[in-house]
Every structure is written in C-alpha cells, then in structure tokens.
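Here it is, the structure in full.
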Amino acid sequence: MRKRKEHDYRIPEPDLTPMIDMTFQLIAFFMVLMNFSQSEQNDRVTLPESELARPADAPVDFPITLHVPSDGTVVIGGITSTLEGIRPLLNNEISLLQAKNKGASDANIIIRAHRDVPGGVVQDFIRKCQDLGFEKFTLRVKEDQRY
Amino acid sequence: MKFRKPPESAVKAELQMTSMIDIVFLLLIFFITTFKIAAQEGDFNVKMPLSGAGGAPTDLTQLPIKLRMKADANGQLADISVNDTISFGQDWAKVRAYIVQLMGDSAGPSEEEGPEVEIDLDYNLRYVHVVEAITAVTGYRQGNDVVRLVDRIKFAPPRKP
C-alpha cells in the first residue's frame with residue numbers, strides 16, 4: 001500500500017496575545033499619566049532651579065497660575081496679556097472666586113516666571129495682584145536634579 | 001423520503017482581531033506623541049498682604065534684614081549687600097553664613113515670628129538671581145534634611161529704570 005503524505009497547507013500564525021496585552025498595558029500607562037490641562041505648564045517658560053524646591057504636600061487652595069515668559073508678557077488661563085491688560089483677567093478670576101463665596105485674599109497666585117525675565121517685571125505683576133486684593137503668592141521653581 | 005439533517009458544521013467562530021489591533025496601535029501612537037515629561041516643580045510661598053498693611057514694627061530687633069541685589073547692564077548679578085553695610089560680591093554661601101550667624105541660637109522660623117528678609121533688587125536683574133536669593137535665605141540642605149532659616153520674605157517696591 002502506498003500512503004500519500006498529507007501536507008498541511010495552513011499558514012503558521014504567531015500568537016499575538018502577549019503583544020496585545022503589552023499594548024493595552026502601555027495604553028493604560030499613558031492614559032493614567034495623560035494631562036490635557038495646559039494651566040499648569042507653559043512651553044515658553046523655563047523655570048529657574050532651586051535645591052530647596054519640593055512639591056507641595058497638598059494641592060494649593062484656589063490656585064491662579066501666572067506664566068511669565070522671557071518677553072515680559074503674562075499668560076493667565078491660556079490668554080496672553082501685558083501688564084496693563086492683566087486687570088480684567090484677574091477680575092474674571094475674582095468673579096469665579098466670589099461665586100464660591102471666596103475672595104481674592106483666599107486665592108493663591110502661582111507665579112511661573114522664566115529664569116531670564118527681569119525681576120522687576122515679576123515685582124510689577126505681584127504689585128498689580130496686590131492692588132486687587134491678592135495676598136498669597138507662590139513662586140514656582142524647578143527641582144534641582146543634583147539633589 | 002427521509003431527509004437527513006446535514007451534519008452540523010464544526011467550524012469554530014473566530015473574532016476578527018485585526019481592526020481592534022489597528023485602533024489600539026493608533027491610540028498608542030497618539031499617546032506616545034502627546035506624552036510630555038516635565039521636571040518636578042516646587043514652590044516658595046511668599047505672603048504679601050496689601051501694601052502698607054501692618055505698619056512699622058515696634059520692636060527694633062524685628063526690623064527686616066534688607067538684602068540688596070545689584071545688576072549689571074546684562075541683568076546678571078553684580079553685587080549682594082545686606083543692610084546696606086556688608087557686601088558679599090556674588091557669593092551666596094557667605095550670605096547664607098551671615099544669615100545663620102544672625103539667626104544665632106533662636107528657634108526655627110515661623111510665619112508669625114522670626115526674622116524677615118526684604119529683597120531689594122534692580123529692575124533688570126534676572127529672575128534666576130531672585131530665586132537664588134530666596135534659596136539662600138530660606139535654608140540649606142544638610143544631607144536629606146532641609147534646615148530652615150528665614151520663612152518671612154517680602155519684596156521692596158520695584159526700582160523702575
């Protein structure tokens with residue numbers, strides 16, 4: 001009897017299950033770290049470094065972030081303005097605070113100023129904020145990587 | 001006539017995973033391209049109530065320590081002086097040592113007590129030097145610990161050019 005060899009014409013398929021698992025792991029990782037909010041970061045601002053800089057233990061109450069790039073303008077809530085035009089933007093923030101039964105003295109002004117901006121410009125912005133009743137200021141710096 | 005039922009097909013129903021894998025890879029590429037690594041940031045808290053509030057201190061020992069910083073034409077730090085008497089050049093270590101000497105054996109700083117430092121800077125002095133000043137007077141690192149010096153910091157009125 002002559003037996004014919006049975007040829008298996010199926011194409012060998014690699015098992016993709018582990019690769020799909022790893023891909024889902026990576027997606028979950030990036031989704032957890034993803035932050036679409038632009039209020040805390042600004043690419044135009046390079047913060048100075050400080051060895052004493054440490055993240056705050058608790059979130060800041062009623063934060064208002066002022067980004068001050070090297071050209072001396074200011075960015076509040078994504079809107080770029082000059083020193084003279086900052087008042088209406090801050091008044092908007094005060095209105096939002098008043099809606100929560102809070103005032104300017106309860107807010108924390110977080111100043112993220114570029115390392116090369118003149119210090120007098122930062123002083124001017126602080127003074128403008130003080131004129132509107134803001135009292136608490138936080139100067140944000142970058143953590144010194146050497147420590 | 002007896003009709004026989006055709007034998008049930010033994011074909012296994014398989015889900016088509018190709019489309020899902022395509023979408024998953026697209027999502028992954030989106031997240032990778034929009035992911036941004038940002039350096040850790042820290043805060044210096046400065047409490048500055050309305051200008052003119054508080055009045056002059058009655059106790060002369062509570063007068064603020066005046067830290068004067070002068071800038072050159074490029075905005076770089078030219079000179080540091082304390083209380084308009086002692087000049088430290090550009091050496092922040094000496095400034096810190098002087099602050100430590102002034103603090104003496106007094107208890108650690110608090111918001112209500114302890115010395116206060118008033119920073120007076122030239123208008124065009126770069127902000128990085130302001131942060132250096134605040135770092136120098138606020139404290140220093142000793143190993144993994146931070147020794148606090150002065151917690152009360154304020155700015156003098158701006159010196160308009």
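Work out the P(r) tail for chain A: percent of alpha carbon pairs separated by more than 23 Å, whole number.
It works out to 53 percent of all Cα pairs.
Also: Counting other Cβ atoms within 10 Å, keep those with at most 11, restrict to DSSP loop, and tell me which trypsin sites (Lys or Arg not before Pro) in the range A:78-147 are left.
Of the trypsin sites (Lys or Arg not before Pro), the ones in loops of the range A:78-147 whose Cβ has at most 11 other Cβ atoms within 10 Å are A:Lys100, A:Arg146.
For peptide B:119-130, what's the mean number of Cβ atoms from other chains within 10 Å of each residue's Cβ?
6
Please report, in Å, the Rg and the Dmax of the range B:62-155, where both are computed over Cα atoms only.
My reading of the Cα-based Rg and Dmax gives 13.0, 40 Å.
Something else now. Measuring from label point to label point, each 7 Å out along Cα→Cβ, what is the B:Ala93 to B:Glu14 span in nm?
7.1
Same structure again: Can you pull the mean other chain C-beta count within 10 Å for peptide A:46-59?
5
Also, quick follow-up: Please give the charge dipole size of the range A:49-143, origin at the Cα centre, charges +1 on K and R Cβ atoms and -1 on D and E Cβ atoms. Round to the nearest 20 debye.
Here the size comes out at about 160 debye.
Another question, if that's okay. Above 16 angstrom, tally the Cα pairs of the range A:59-139 and express them as a % of all pairs, no decimals.
46
Values quoted throughout were computed directly from the atomic coordinates according to the rules given, and no laboratory measurement underlies them. The model shown is predicted, which means the values in this text are computed figures rather than measured ones. A quick note on method: Cβ atoms are made from the backbone with ideal geometry, for glycine too, and the neighbour counts reach across all protein chains shown.
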